[in-house]
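The values are calculated or read from the model by the stated rules, or taken from the named source; none is laboratory data. This structure is a prediction, so every number in the text was calculated from the model and none was measured. Glycine also receives a Cβ, built like all others from the backbone with ideal geometry; neighbour counts cover every protein chain displayed. Please note that ligands, DNA and RNA were not included when accessible areas were found on the heavy atoms of the full protein model with its side chains. Shrake-Rupley method; radii C 1.70, N 1.55, O 1.52, S 1.80 Å.
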Amino acid sequence: STKKRAPLSVRMENASCRLNELLYKTMQQKESNLCLAIDFTQKEQILELAKVAAPHVVAIKLHADCITDFDDQFVKELRTIAHNHHCIIFEDRKLADIGAVNILQLKGHQNIAKWADVVTVHAVQGQESIEAFRKVINDDNYCLSGILLIAQLSSKGALTQLDGYTQAARNIGEANRDIVAGFICQTKISDFDDMGHWTPGVNLDAKSDDAGQQWRGANEAIRRQLNDIVIVGRGVTASKNPKEQLERYKREAWNAFIGGDHD
Ligand code: BMP
């Protein structure tokens with residue numbers, strides 16, 4: 001897509017999905033389009049970095065199933081941090097089953113729907129399986145207020161590159177904008193103002209790891225490829241000075257965002 005982004009105020013007003021009202025307001029208030037991926041295995045490590053990161057980011061992304069000592073106390077403390085700093089809690093579970101099982105997984109042993117504002121879902125299982133999320137998202141007993149559909153993966157040789165896959169994922173998302181807040185993607189794919197484009201595969205100092213990940217800079221991801229939100233993990237989490245890196249990534253990503261789509 002080559003269409004420019006609409007202003008955040010317009011996107012907020014046009015938000016079909018509850019998550020996006022919160023997201024665009026938070027982006028504007030915090031002047032941030034940064035999401036930190038904290039891929040640590042111990043809850044204390046995660047909470048410690050979450051406290052440092054929360055003032056700088058719009059979202060904190062987790063892989064709850066990587067946490068070896070995950071418990072209710074962790075969730076409580078995480079929600080408090082999120083509340084105090086207006087942060088979105090993002091569980092990157094990448095659900096990919098039939099609708100009925102996706103719902104069981106959302107309410108399963110980690111009870112994702114109770115504490116996560118947003119969860120990732122693959123598009124591979126098809127439109128009706130994705131529409132099954134509506135019941136949980138519309139139920140006030142749950143925290144979950146939207147899903148992000150995986151339209152493209154950042155890894156080398158990802159099958160999401162196969163002809164038509166990304167467009168098919170986009171179509172499912174656009175047809176369900178009340179529950180699909182946007183996409184995990186490498187480049188802007190939707191012209192609907194309210195859809196958020198969240199992009200992983202960003203690192204300012206390295207191009208790849210030894211396991212298929214591909215990184216590019218924030219300027220490429222936001223200014224050229226017109227994504228909205230930068231998801232960064234090891235660029236911050238593997239650094240000796242995470243706070244300094246958070247400030248650096250926040251500044252780079254936000255400058256690219258407000259700079260528009262020109263060089
Ligand atoms: P890092 O910046 O350390 O490579 O971390 C990227 C994060 O984004 C990881 O948590 C990974 O699960 C996630 N991610 C990704 O890297 N590529 C995708 O296409 C989708 C993802 O969710």
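Structure summary
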{"read-out": "Amide N of segment 189-213 lying under 13 Å from the label point, which is placed 7 angstrom from the Cα of Gln161 along Cα→Cβ", "value": "212-213"}
{"read-out": "Extension gain (nm, one decimal) between Asp209 and Lys114, 0.36 nm per residue minus Cα-Cα", "value": "30.9 nm"}
{"read-out": "Theoretical FRET efficiency, 1/(1+(r/R0)^6), r = Cβ-Cβ of Lys76 and Asn241, R0 22 Å, to 0.05", "value": "0.15"}
{"read-out": "Cut-off 13 Å between beta-carbons: net charge of the residues surrounding Ile147, Lys and Arg +1, Asp and Glu -1", "value": "+1"}
{"read-out": "Cβ-derived FRET efficiency at R0 30 Å, Asp65 paired with Ser9, nearest 0.05", "value": "0.20"}
{"read-out": "Centre separation in Å (Cα based) which lies between segment 116-140 and segment 164-195", "value": "13"}
{"read-out": "All-pairs Cα distance distribution in the chain, expressed in whole percent, bin size 5 Å", "value": "1, 6, 14, 19, 21, 19, 13, 6, 1, 0"}
{"read-out": "Accessible area per residue, Å², the chain with all protein chains present, probe 1.4 Å", "value": "45"}
{"read-out": "Total charge dipole magnitude, segment 179-254, about the Cα centre, Cβ charges on Lys, Arg, Asp, Glu only, Debye to nearest 20", "value": "280"}
{"read-out": "Carbon/sulfur fraction of accessible area - segment 48-169, other protein chains in place, 1.4 Å, %", "value": "51"}
{"read-out": "For segment 71-212, diffusion coefficient by Stokes-Einstein and Kirkwood Rh (Cα), 20 °C, 1.002 mPa s, µm²/s", "value": "134"}
{"read-out": "Per-q log10 I(q)/I(0), segment 181-263, q = 0.12 Å⁻¹ (Debye; single scatterer per alpha-carbon; no solvent)", "value": "-0.34"}
{"read-out": "Mean ellipticity per residue at 222 nm, deg cm²/dmol - from DSSP H runs of n ≥ 4 across the chain, formula -39500 (n - 2.57)", "value": "-10000 deg cm²/dmol"}
{"read-out": "Coil-residue trypsin sites (Lys or Arg not before Pro) of segment 206-252, DSSP, other Cβ within 10 Å capped at 14", "value": "Lys207, Lys240"}
